[in-house]
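One structure below.
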Amino acid sequence: MIQYKSPREIKLMREAGKLVAGSLELVKKMVRPGIKTMDLDRTVEKYVLARRGELAFKGYRGYPGNICVSINEEVVHGIPDENRVLKEGDIVSIDVGVKYKNYYGDAALTLPVGRISAAAQKLLTVTETVLTKAIDHLAPEVKLSDVSAVIQNFVEKNGFSVVRSFVGHGIGSTMHEEPQVPNYVMPPGEGAEVILKPGLVLALEPMVNTGTSDVEVLGNSWTVVTKDRKLSAHFEHTAAVTGNGSEILTRPA
Ligand code: MF3
Ligand code: CO
């Protein structure tokens, strides 16, 4: 069942979202060649705990990290590692989830490490832009499948592909709620249509690949990589449907 949030609940989600956004702002300043992915994890952990938030991913279905750090061909769910060092030319996706006063915020971005190729830069720009377009499309009475279509069409028009095995999601007092938010239009009959209403809060998270849309999971049973090992990018925001449009809840203050 879809849980619509009251203004009081949205307010709490805004606070959770602020901790997520603050974490991503911190990480943005840290990412450079030579830094270890575990350094990012520890910094976010300290930041969130100091503000009385909880790290939503830690222990979720046994996930070992505080955040997800996914490099290059890694799509999502990369596990922070003491021995993994970012290098010039990498792209790195950082995903942060925070629980605050029983409500969740979830957001991600993908950053360049030093100078990156023009192709990698295009991937980042297209993925970030498509997230903005999807959020801008949120409004009462809009069909959720139209939001998916906006994402898929823009990505494919730019020569990239959208991951199908992982989707965005409703979010609130649990991290993953109904509805699922695919980044592609599902075949007719698969999945009921959802009409957006005020109070619906969604984590929109396009995952965009330069090559095939197919992915697989590595032997650590978490890290998702592209099947062809080509680059992938991921941007995510938690956004609420309002009376006349949408509000991003994971926006930096
Ligand atoms: N943003 C991701 C999601 O919504 C992150 C989950 S990572 C996990 O599913 F470790 F918690 F699974
Ligand atoms: Co998410």
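The values are calculated or read from the model by the stated rules, or taken from the named source; none is laboratory data. This structure is a prediction, so every number in the text was calculated from the model and none was measured. Counting neighbours? That spans all protein chains shown, and the Cβs are built from the backbone with ideal geometry, glycine included. Accessible surface areas use protein heavy atoms only, side chains included; no ligands, DNA or RNA. Shrake-Rupley method; radii C 1.70, N 1.55, O 1.52, S 1.80 Å.
Structure summary
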read-out	value
Accessible surface of segment 7-248 [probe 1.4 Å, protein heavy atoms]: carbon and sulfur percent	50 percent
Amide H contacts under 5 Å for Val142, placed H, 5+ residues apart	Leu196
Nearest-0.05 FRET efficiency for Lys29 and Val217, computed from C-beta distance (R0 25 Å)	0.20
Once the Cα gyration tensor of segment 149-253 is diagonalised, semi-axes √(5λ) in Å	25, 16, 15
Relative contact order of segment 7-248, defined on C-alpha pairs under 8 angstrom at six or more residues apart (%)	22 percent
Per residue accessible area of segment 167-253, 1.4 Å probe, in Å²	41 Å²
Centroid-to-centroid separation of segment 1-48 and segment 97-168 [C-alpha atoms, Å]	17 Å
Distant-in-sequence amide H partners of Val76 (H built 1.01 Å from N, under 5 Å)	Val224
Label-point separation, Arg115 to Glu156 (7 Å along Cα→Cβ), nm	3.6 nm
Approximate spin-label separation Asn102-Ala50, in nm, with each point projected 7 Å along Cα-to-Cβ	2.9 nm
HN-Hα J in Hz across segment 55-70 - Karplus 6.51, -1.76, 1.60, θ = phi - 60°, x for Gly and Pro	7, 5, 7, 4, x, 5, 6, x, 4, x, x, 8, 9, 10, 10, 10
Segment 95-215: C-alpha gyration tensor shape, a/c 1.5 cut-off, then a/b vs b/c	oblate
Segment Asp228-Lys133, length gained on full extension (0.36 nm per residue, minus Cα span)	31.4 nm
Quarter of Cα convex hull surface for segment 7-248, i.e. mean projection, nm²	12.2 nm²
Selected from Val162, Val76, Val31 as most flexible by GNM, with the chain as the system and alpha-carbon contacts under 10 Å	Val31
